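Participant: Below is one structure. I have some questions about it.
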2 protein chains.
Amino acid sequence: METRYLGKHLIAEFYGCSRDKIDNPEFLREILENSILKAGGHIVGRLFHRFNPQGVTGIVAISESHVSVHTWPENGYMALDIFTCGSEMDPWVAYREIFEKIKPGKVKVIEINRGELKEVKAEA
Amino acid sequence: METRYLGKHLIAEFYGCSRDKIDNPEFLREILENSILKAGGHIVGRLFHRFNPQGVTGIVAISESHVSVHTWPENGYMALDIFTCGSEMDPWVAYREIFEKIKPGKVKVIEINRGELKEVKAEA
């Protein structure tokens, strides 16, 4: 029998990113939120912070879990996480949307399953 | 030569958690923030949301990246992520602190490296 899980988590490394894009919290917020809506997700809150002298942390909480970015503009690097549960949101749709907007020079992405169903308790 | 990275990311599955603990956003916020401070991290913002009828999403943004939880109280399951960069914060100290407070029945945890240094651009 196929193992089933509560959620999916895409862990992506974007290398060779434009400094202008990944050091701009407004731009990042817009593309994250648009990617979530396009993928069928539901936003419940967001938290963006720009560090001095550079770098952005951006996290969007969604009913389906979260999407986050942490950026190192000085290195052209952005860490992207897309964690979803349920069947309404497709994390890969959000991924492709963000990829198209950032256009990194090189990526590495893995998909991890979260919350193995045979381990979780039945509802009390 | 040893490969070096910008960050570390602990991805933990906590099974068999008490519903009272993981359905309580105030409790989760307190243990996450305390664990971060104890581990040497620096909090820059937080976002907690309780879903109806149950479940909590909690994210604390830190100078070192983020700590997040997503909980399924009806299944006794909590997904925990501790993503840190730099050498000031030890993610395993935060992990152990959260583990001790939640006392899950079973855990699965992996450590992933983020941001391979040979791939990042030198500072412009």
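The values are calculated or read from the model by the stated rules, or taken from the named source; none is laboratory data. Keep in mind it's a predicted model, so treat the numbers as computed, not measured. We place every Cβ from the backbone using ideal geometry, glycine too, and count neighbours over all the protein chains shown. These area figures cover heavy atoms from the full protein model, side chains too; ligands, DNA and RNA do not enter into them. Shrake-Rupley method; radii C 1.70, N 1.55, O 1.52, S 1.80 Å.
Participant: Go through (1) out of contact with any Pro (no Cβ under 8 Å at 6 or more places or on another chain); (2) open to solvent by less than 60 Å² (accessible area, probe 1.4 Å) and name the single condition A:M78 misses.
Facilitator: (1)
Participant: Residue by residue through the stretch A:66-123, note down the ones that are assigned to a loop (DSSP other than H, G, I, E, B) and more than 7 Å from chain B (Cβ to nearest Cβ). Walk me through how you get there before you give the answer.
Facilitator: Residues of the stretch A:66-123 that are assigned to a loop (DSSP other than H, G, I, E, B), as a first pass: A:76, A:86-90, A:103-105, A:117-123.
Within the stretch A:66-123, A:G86, A:S87, A:E88, A:M89, A:D90, A:K103, A:P104, A:G105, A:L117, A:K118, A:A122 qualify.
Participant: Same structure, new question: Of the conditions (1) under 20 Å from B:G7 (Cα atoms); (2) in a strand (DSSP E or B), A:Q54 satisfies every one except a single condition; which number is it?
Facilitator: Only one criterion is unmet by A:Q54, namely (2).
Participant: Output the residue which, of all residues in the stretch B:81-103 that are surrounded by fewer than 21 Cβ atoms within 10 Å (Cβ to Cβ) and not charged (D, E, K, R), is nearest to A:H66 (Cα to Cα). So that I can check it myself, show each step before the final result.
Facilitator: Here is the first cut: in the stretch B:81-103, the residues surrounded by fewer than 21 Cβ atoms within 10 Å (Cβ to Cβ) are B:86-88, B:90, B:92-93, B:95-97, B:99-101, B:103.
Now drop any that are not not charged (D, E, K, R), which leaves B:86-87, B:92-93, B:95, B:99.
On the way: B:G86: 23, B:S87: 26, B:W92: 22, B:V93: 24, B:Y95: 20, B:F99: 22 Å.
Going through the qualifying residues, I end up with B:Y95.
Participant: For the stretch B:5-15, does any single residue satisfy the condition of being within 12 Å of chain A (Cβ to nearest Cβ), modelled with pLDDT of 95 or more, over 30 Å from A:F14 (Cβ atoms) and surrounded by fewer than 24 Cβ atoms within 10 Å (Cβ to Cβ)?
Facilitator: yes
Participant: Exactly one of (1) touching a strand residue (DSSP E or B) at 6+ places or on another chain (Cβ under 6 Å); (2) open to solvent by less than 60 Å² (accessible area, probe 1.4 Å) is unmet by B:G40. Its number?
Facilitator: Answer for B:G40: the failing condition is (1).
Participant: Tell me, which residue of the stretch A:51-63 that is more than 7 Å from chain B (Cβ to nearest Cβ) and open to solvent by less than 10 Å² (accessible area, probe 1.4 Å) is farthest from A:P104 (Cα to Cα)?
Facilitator: Out of the qualifying residues, it is A:I62.
Participant: Would a scan of the stretch B:106-119 turn up a residue that is surrounded by 17 or more Cβ atoms within 10 Å (Cβ to Cβ), on the phi > 0 side of the Ramachandran plot and not acidic (D, E)?
Facilitator: yes
Participant: Let me ask another. Exactly one of (1) under 24 Å from B:G45 (Cβ atoms); (2) in contact (Cβ under 8 Å) with a residue 60 or more places away in the chain; (3) within 13 Å of chain B (Cβ to nearest Cβ) is unmet by A:S35. Its number?
Facilitator: Answer for A:S35: the failing condition is (3).
Participant: Return the only residue of B:F27, B:F48 being without any contact (Cβ under 8 Å) to a residue 60 or more places away in the chain, facing chain A (nearest Cβ under 9 Å) and open to solvent by 10 Å² or more (accessible area, probe 1.4 Å). Before you say what the answer is, go through the steps one by one.
Facilitator: Details: B:F27 fails: facing chain A (nearest Cβ under 9 Å).
That would be B:F48, the only listed residue that is without any contact (Cβ under 8 Å) to a residue 60 or more places away in the chain, facing chain A (nearest Cβ under 9 Å) and open to solvent by 10 Å² or more (accessible area, probe 1.4 Å).
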